[in-house]
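**Student:** Handing you this structure, nothing more for now.
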Amino acid sequence: MSIFQGCGTAIVTPFRNGEVDFNALGRLIDFQIAEGIDAIVACGSTGEGATLSPAEKKAVIAFMVQCAAGRVPVIAGTGGNDTAAVIAQSIAAQNAGADALLVVTPYYNKTSQRGLVAHYAAVAATVTIPIIIYNVPSRTGLNVLPATMRELMQIPNVVGTKEASGNIEQIVNLAALCPDCELYAGNDDHVLPILSVGGKGVISTVSNLIPRDMHQLCTAFFAGDIEKARALQFKILPIWKAAFSDVNPIPLKAMMEMAGHCTGELRLPLIPADAANMAKIKAALQNYDLILGA
């Protein structure tokens, strides 16, 4: 059985004066669930997990589990480039009540395809909850090849992948080679193409802002309403383009503040978007009726 089918939101981590704003995070989770989202993801790229301390990660994951209260699955981002640290964070996330893990490939020091198998096997041996592999070569410099994913799927609790390679040919080959893999789009502009080859849904950035539309895109597809799914995929494109006009989650944090969800505060090395991008971001929100006024 899939961890979830549909749209899972990679939730931003709200900050206020340098600290995690748990009040805002609680409101975000309630908003997401009220809008019909199918899962929530803690401490991913969009959640600035790389700048959260181990204690902060543990606290954020535990809070999200408590706030979700079983209404939707909570998937914890525990990836990194040090296998021992990933193991420690994964055990902590499981102990905090996470339903599954999202584990990005090692970055900077990277590894070989054989090393990837060894890395994930070592992590999987220490936990019992499902693991989704996160493949995002643009951030990590490391690509999980379809043949490697087939080998990874032999590890009992590795169940799927968040595919953000942007390479549709690779994704189609992966779907053909690994029919049992729970395949989730990692790019919001690729949801419908990935669903069409057997994908289970998307782990989304823009669903922080528009969870209902992202959920309904998936729901329409699974109900056989391809025309509606296609219309929603096209509808979200301007928001997606604005959200990735700078490094994620710089534009998204600005959008979340403009839409009244939380502050736009970031942690270094991320800094606010420049004036030109801010104007594009605001225009995209206004055109989507997420903010009012000029």
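**Student:** Among the candidates Ile239, Ile210, Ile226, which residue alone is out of contact with any His (no Cβ under 8 Å at 6 or more places or on another chain), surrounded by fewer than 20 Cβ atoms within 10 Å (Cβ to Cβ) and more than 24 Å from Met153 (Cα to Cα)?
**Tutor:** It is Ile226.
**Student:** Same structure again: Could you tell me which residue of region 120-131 is surrounded by the most Cβ atoms within 10 Å (Cβ to Cβ), considering only residues that are of a type in the set (Val, Ile, Thr), out of contact with any Asp or Glu (no Cβ under 7 Å at 6 or more places or on another chain) and outside any helix (DSSP H, G or I)?
**Tutor:** So the residue we want is Ile131.
**Student:** What is the number of the single condition among (1) touching a Phe, Trp or Tyr at 6+ places or on another chain (Cβ under 7 Å); (2) of a type outside the set (Gly, Ala, Ser); (3) modelled with pLDDT under 95 that Asp21 does not meet?
**Tutor:** Going through the list (1) touching a Phe, Trp or Tyr at 6+ places or on another chain (Cβ under 7 Å); (2) of a type outside the set (Gly, Ala, Ser); (3) modelled with pLDDT under 95, Asp21 breaks only (3).
**Student:** Before we move on, is Ser90 of a type in the set (S, T, N, Q), open to solvent by 10 Å² or more (accessible area, probe 1.4 Å) and either farther than 30 Å from Thr219 by Cβ or in contact with a Gly (Cβ under 9 Å, 6 or more places away or on another chain) (or both)?
**Tutor:** Answer is no for this residue.
**Student:** For region 207-214, check the following and say yes or no: at least one residue is outside any helix (DSSP H, G or I), within 28 Å of Asp21 (Cβ to Cβ), polar (S, T, N, Q) and touching a residue at least 40 places away in the same chain (Cβ under 8 Å).
**Tutor:** No, region 207-214 contains no residue that is outside any helix (DSSP H, G or I), within 28 Å of Asp21 (Cβ to Cβ), polar (S, T, N, Q) and touching a residue at least 40 places away in the same chain (Cβ under 8 Å).
For (1) under 20 Å from Asp189 (Cα atoms); (2) open to solvent by 50 Å² or more (accessible area, probe 1.4 Å), each residue gets a yes or a no:
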residue	(1), (2)
Lys235	yes, yes
Leu252	yes, no
Met258	no, yes
Glu265	no, yes
Leu268	no, yes
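**Student:** In the list Asn95, Asn81, which residue meets the criterion of being open to solvent by 30 Å² or more (accessible area, probe 1.4 Å), polar (S, T, N, Q) and in a loop (DSSP other than H, G, I, E, B)?
**Tutor:** Answer to the check: Asn81.
**Student:** Let me ask you something else. Can you confirm whether region 38-49 contains a residue that is in contact (Cβ under 8 Å) with a residue 60 or more places away in the chain, open to solvent by 30 Å² or more (accessible area, probe 1.4 Å) and small (Gly, Ala, Ser)?
**Tutor:** yes
**Student:** All but one of (1) at pLDDT below 95; (2) within 26 Å of Ile75 (Cα to Cα) hold for Tyr184; state the number of the condition that does not hold.
**Tutor:** Here Tyr184 meets the rest and fails (1).
**Student:** Further question: Which one is surrounded by the most Cβ atoms within 10 Å (Cβ to Cβ), of the residues in region 137-179 that are out of contact with any Asp or Glu (no Cβ under 8 Å at 6 or more places or on another chain) and touching a residue at least 40 places away in the same chain (Cβ under 8 Å)?
**Tutor:** It comes out as Lys162.
The values are calculated or read from the model by the stated rules, or taken from the named source; none is laboratory data. Just so you know, these numbers come straight off a predicted model, no measurement behind them. Here Cβ is always computed from backbone atoms with ideal geometry, including for glycine, and neighbour counts include all displayed protein chains. Each accessible area value is taken on the protein alone, full model and side chains, heavy atoms only, with ligands, DNA and RNA left out. Shrake-Rupley method; radii C 1.70, N 1.55, O 1.52, S 1.80 Å.
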